[in-house]
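Working notes, beginning with the structure itself.
The values are calculated or read from the model by the stated rules, or taken from the named source; none is laboratory data. Being a predicted model, the structure only gives us computed values, none of them experimental. Please note: Cβ atoms are built from the backbone with ideal geometry, for glycine as well, and neighbour counts cover all protein chains shown. Surface areas here come from the heavy atoms of the whole protein model, side chains and all, with no ligands, DNA or RNA. Shrake-Rupley method; radii C 1.70, N 1.55, O 1.52, S 1.80 Å.
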Amino acid sequence: AERLGIAAHLRILTPSEFTWEQLRAASPALPDASPWDRDRLRWRLYAQLAATRTPPPAVEGFLARARSAGRRDGEVLARFDLAEALAGAFDKYQAYRRDWLERWDAGDDRDDWQAILWRQLRQGLPTPHRAALVGEWLARFDPRAPTFAGVAPPGLPARIAAFGTIHVSPDVLHLLAVVGQW
């Protein structure tokens, strides 16, 4: 590469792609792509919002305003916009707010409309969400964790370089630090 100015045989992954590969290596039953990714969540949330007979008051108010605007497709577009915004929020929560999701999964925050929608969403998806999987992975493979399994994570590449990683969640940085130890 130095002599010819090229590099070859590189795999360039985003931090989330690398994380999903590590999670799948540790749990081979996981699907190739996470059903909890933003693009997939959008459509699941859209269907969930359409099927919910009694949405939380905040959601009902949002959809009612769209209905009252008088356009035939107003509620459909509003539902899509809301599903898109929620998918983005839930995607970020998986990266940055594992503590919230753990509380919501445990049934806390019963009156929080986002927690209500999150729990409804979880009922329809058999695969654990990314935040839970990363937490389990760290508990198994971080030598500092009390539940450390004593073995290296499976599927590690021979070499890894991380650069230009902006806005990487603390959990993914922790995962990268653990991978770096091995």
Rounded to the nearest whole number, the per residue volume of the convex hull around the C-alpha atoms of the chain in Å³ is 156
The alpha-carbon center of region 112-154 and that of region 4-38 are separated, in whole Å, by 17
Expressed in µm² per second, the diffusion coefficient of region 17-92 from the Stokes-Einstein equation, with Rh the Kirkwood radius over alpha carbon pairs, at 25 °C and 0.890 mPa s, is 176
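Hydropathy at least -1.0 by Kyte-Doolittle, axial extent at least 20 angstrom from the Cα trace: which helices of the chain, defined as entire DSSP H runs, fit?
Details: long enough: 74-96 (32 Å, 0.12).
For the chain, where a helix must reach 20 Å along its axis and average at least -1.0, the hits are 74-96.
Can you check what the net charge comes to around Leu125, using other residues whose Cβ is under 10 Å from the Cβ of Leu125 (Lys, Arg +1; Asp, Glu -1)?
Working: positive: Arg40, Arg44, Arg122; negative: none.
So the environment of Leu125 carries a net charge of +3.
With all protein chains present, how much of the accessible area of the chain (probe radius 1.4 Å) comes from carbon and sulfur, to the nearest whole percent? Intermediate values should be presented prior to the final figure.
On the way: 6110 of 11190 Å².
Ligands and nucleic acids excluded, carbon and sulfur give 55 percent.
Relative contact order of region 108-182, please, whole-number percent, based on alpha carbon pairs below 8 angstrom and at least 6 residues apart.
Rounded, it is 26 percent for region 108-182.
Any idea of the accessible area per residue across the chain, 1.4 Å probe, to the nearest Å²? Show your work: numbers first, answer last.
Working: 11190 Å² over 182 residues.
Solvent-accessible surface per residue comes out at 62 Å².
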